[in-house]
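Notes for the one structure printed next.
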Amino acid sequence: MLTDWEGHKIRNWIALVTGVFLLAISVNWVYDPAGMVTGGVTGLGISIKYLSGKFLPFEIPVWLTNLAFNLPLLILAWKLLGKKFILRTLVATGLLSFFIYLIPYVPVFDGDPLLACVFGGVIAGAGMGLVLATMSTTGGTDVLCMLLHVKLKHISVPRLLNFVDGLVVVTGVFVFGINKALYAIISVYIVSKVSDGIMDGMKFAKMAYIISERYMEIAEHILTAIDRGVTGLNATGMYSNKDRKVLFCVVSKKEMVEVLEITHRLDPQAFVIVSDVREVMGEGFIEYKQ
């Protein structure tokens, strides 16, 4: 039987592969056909593919550009940042190039840049959110900015990333025109919002404080029925000046429904406070390991 940590690792790899697959779909079905340069090495690859087809007798595919730019960066990062950090990024970069090569070129939103920027942003944002939730990246400008940060410590990595990706988007202005570049900027915004939502949604849990005279029964039912830990906190009612127990528990969003049902069934007069928890580490959730 898998431990919680082993199950978490398997889910991470599934999320990583799924996320990279969605990113490849956004490139081959949306951004490349629409001529939208949304930053990163894949955005640069879209510009190079167009320019090579225009001035050379052949097109340089996006998957090849992705590999050509990333391999030197990953080798350098391996030496400076350590192999533990680079391993998943190396896998994600290789998978992205492989999926871009494998997935057929389909202009799904050909001729409709608004739909392309919206749905491209949703697809790419979902993919990026899944990748980032595994503490990985797909390489490219992310790794480049981390390497630059080694020398430019006074500038944060996100600020460097905004600058570098901004330069890539500017290349799209000269290659595809200002209109498509503006649509690309809208898509970048959608990507950031969707990816943030995906990351937050994967880490959310619920926390409850329960004040009840029947705290022992409620705690026992939560422990046995849901198999979640409960902590009894000593508290004093400032109006009544009486000592009492406050139950404290952290559960998943689905399990919180059961906690509320148990509490209401055993004590309809119980006072319950429920709030969101951004991230939980420990037994039954994500175990923190270096």
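The values are calculated or read from the model by the stated rules, or taken from the named source; none is laboratory data. Everything quoted here is computed from the prediction, not taken from an experiment. Cβ coordinates were reconstructed from backbone atoms using ideal geometry, including for glycine residues, and neighbour counts include every protein chain displayed. The accessibility values were calculated without ligands, DNA or RNA, using every heavy atom of the protein model including side chains. Shrake-Rupley method; radii C 1.70, N 1.55, O 1.52, S 1.80 Å.
Among 194, 108, what's the order by accessible area (1.4 angstrom probe), most exposed first? Before the final figure, lay out the partial values.
Numbers: 194 40, 108 75 Å².
Listed by decreasing accessible area, they come as 108, 194.
In the chain, taking the dipole from charged Cβ atoms about the Cα centre, the farthest positive-side position among 174, 108, 195 is held by 174. In the chain, helical runs assigned H by DSSP with n ≥ 4 each contribute -39500 (n - 2.57); averaged across all residues and rounded to the nearest 500, the mean residue ellipticity at 222 nm is -20500 deg cm²/dmol. Rounded to the nearest 20, the Cβ-based charge dipole of the chain about its Cα centre (Lys and Arg +1, Asp and Glu -1) stands at 880 debye. Would you mind checking the tilt of helix 83-102 against the longest principal axis of the Cα atoms of the chain, expressed as 0 to 90 degrees and rounded to 10? Result, in degrees: 60.
Can you give the charge dipole size of segment 99-215 about its Cα centre, rounded to the nearest 20 debye, using +1 on the beta carbon of Lys and Arg and -1 on the beta carbon of Asp and Glu?
On the way: 8 positive and 7 negative charges, 79 e Å.
In debye, rounded to 20, segment 99-215 gives about 380.
Computed over the Cα atoms of the chain, pair by distinct pair, the Kirkwood hydrodynamic radius stands at 21.8 angstrom. When the surface is traced with a 1.4 Å probe over the full set of protein chains, residue 243 keeps roughly 130 Å² accessible. Computing FRET efficiency as 1/(1 + (r/R0)^6) for residue 257 and residue 192, where r is the C-beta to C-beta distance and R0 is 30 Å, gives about 0.45. Here the chain has 65 percent of its accessible surface on carbon and sulfur atoms, given a 1.4 Å probe and all protein chains in place.
Calculated FRET efficiency, residue 233 and residue 56, Cβ-Cβ r, R0 51 Å, to nearest 0.05? With a Förster radius of 51 Å, E is 0.15.
Based on Cβ point charges of +1 for Lys and Arg and -1 for Asp and Glu, what charge dipole magnitude is obtained for segment 43-157 about its Cα centre, in debye rounded to the nearest 20? It would help to have the intermediate numbers written out before the result.
Details: 8 positive and 4 negative charges, 133 e Å.
Here segment 43-157 has a charge dipole of around 640 debye.
Using the Cα gyration tensor of segment 4-131, with a ≥ b ≥ c the square roots of its eigenvalues, what is the shape: rounded (a/c below 1.5), prolate (a/b larger than b/c) or oblate (neither)? Oblate is the answer for segment 4-131, as a/c is 1.5 or above yet b/c matches or exceeds a/b.
Might you tell me the accessible area per residue for segment 82-226, computed with a 1.4 Å probe and given in Å²?
On the way: 7730 Å² over 145 residues.
Heavy-atom accessible area per residue stands at 53 Å².
Here residue 87 sits with roughly 90 square angstrom of accessible surface, probe radius 1.4 Å.
Of the residues 174, 69, 163, the one with the largest accessible area comes first in the ranking 174, 163, 69, computed with a 1.4 Å probe on protein heavy atoms.
So how do 137, 224, 171 rank on accessible area, 1.4 Å probe, biggest first, that is with the largest at the start?
Numbers: 137 15, 224 105, 171 45 Å².
Heavy-atom accessible area, descending, gives 224, 171, 137.
The stretch between residue 110 and residue 272, if pulled fully straight at 0.36 nm per residue, gains 53.1 nm over its current Cα-Cα span.
Prolate is the label for segment 65-166. Its Cα gyration tensor axes, ordered a ≥ b ≥ c, give a/c of at least 1.5 and a/b above b/c.
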